[in-house]
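The values are calculated or read from the model by the stated rules, or taken from the named source; none is laboratory data. Computed from a prediction, not measured in an experiment: that's the story for all the values here. Backbone-built Cβ (ideal geometry, glycine too); neighbour counts: all protein chains shown. Just the protein is used for accessible areas: all its heavy atoms, side chains included, with ligands, DNA and RNA removed. Shrake-Rupley method; radii C 1.70, N 1.55, O 1.52, S 1.80 Å.
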Amino acid sequence: MKIIDGKTISADIKKEIAAEVAGFIDRGRRAPHMAAILVGHDGASETYVASKEKNCVSVGMTSSVYRYEENISEKELLEVISFLNQDEDVDGFIVQLPLPKHMDVDKVMAAINPEKDIDGFHPSNLGRLVMGEDTFVPATPCGIMELIKRSGIETVGKECVVLGRSNIVGTPMALLLSRNNPGANATVTLCHSKTRDLAAVTRRADILVAAIGKPGFVTADMVKEGAVVIDVGIHRVADEKASSGYRLCGDVDYAGVSAKCSAITPVPGGVGPMTIAALLMNTLKAYKKRFPEG
Ligand code: NAP
């Protein structure tokens, strides 16, 4: 059984990005600049944004974080987005989710300039993805496609099952795997909470992508012998033995499934670091679109 090492692959990608950024700076250009808007003090969101900031700086990019209290109005948030849309020094930005309940997330996403939408959540970017046009692919599925490609996992003609149909993970993942592109061309089934006899469907998968948000949900009996398993889930579960009082786990029962599959992504160290690497790739792409002269 092979462990698909997202940490090492993401480190390789970051090295490649850092070399490109250093080249721009050598040619007298400014560094690419990623901004993040963080509303409130959700622990996981704080951690994600801090990690994005640290990784951005590690490849030589500029990072800035716009922090607001939970009670910021939607109107004020839209004004910040409008400011960043027009700021010539910012190449791309994200609005960290989840947003407080009084915000209309779709309205907020639609306010982002699609050319700076490095999370790929703007409806026109999601539409371009459906059309198979060049676009900003949402970071998690973008990172998973890169992980599959760089791990040498064969996808052509394979049966892929994607568990979960969210707009930010499952649906784009299913679209990308089914594309007539190198590293794709799979036959894809997209499952959700209304799928009948889920285990019978997942057992057909040569490649199983689990993105349902339930710790340890995918058990060995749901997996075909020799399948490749990509675990997107990330959860903190209480663990008395851990000094922090918790441990991280995914949507897959790692101990049971790893004994049966041919390759699996660990949690942590699988999809998570690839999501960050993909966000940096999207920032670089936004920068290069704005400055095509290189
Ligand atoms: P989400 O929006 O909550 O979507 C979950 C999907 O799973 C929904 O489509 C839902 O079906 C389906 N589902 C839920 N229970 C099910 C069941 N019993 N049987 C079959 N399908 C079921 O979640 P998400 O945002 O896509 O995230 C999924 C997981 O990935 C979460 O654990 C999240 O933390 C993690 N994540 C990780 C990263 C990373 O960088 N590692 C990034 C993003 C997300 P319905 O549509 O029918 O409700």
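Can you tell me the order of 185-192, 12-19 when each peptide is scored by its average per-residue count of other Cβ atoms within 10 angstrom, highest first?
Details: 185-192: 18.5, 12-19: 15.4.
Output ranking for 185-192, 12-19: 185-192, 12-19.
Rounded to the nearest 500 deg cm²/dmol, what is the calculated helix-only ellipticity per residue at 222 nm for the chain, with -39500 (n - 2.57) per DSSP H run of length n ≥ 4?
Taking each H run of at least 4 residues, the total per residue is -12500 deg cm²/dmol.
Heavy atoms only, probe 1.4 Å: what % of the accessible area of the chain goes to carbon and sulfur, would you let me know? Intermediate results must be reported in sequence, preceding the final value.
Details: 7350 of 13610 Å².
Here carbon and sulfur together make up 54 percent of the probe-accessible area.
Helix 139-150 against the longest principal axis of the chain: what's the angle in degrees, Cα atoms only, rounded to the nearest 10?
It works out to around 60 degrees.
Given charges of +1 on the Cβ of Lys and Arg and -1 on the Cβ of Asp and Glu, with all other atoms neutral, how large is the dipole of the chain about its Cα centre, in debye to the nearest 20?
700 debye
On a C-alpha basis, how far is the centre of region 189-225 from the centre of region 247-265 in Å? Whole number, if you could?
After rounding, the separation between the Cα centres reads 13 Å.
Compute the long axis of helix 6-26 from its Cα atoms, compare it with the longest principal axis of the Cα atoms of the chain, and write down the angle in degrees, 0 to 90, nearest 10.
20 degrees
By how many degrees, between 0 and 90 and to the nearest 10, does the Cα long axis of helix 43-58 differ from the longest principal axis of the chain?
Once rounded, the angle reads 70 degrees.
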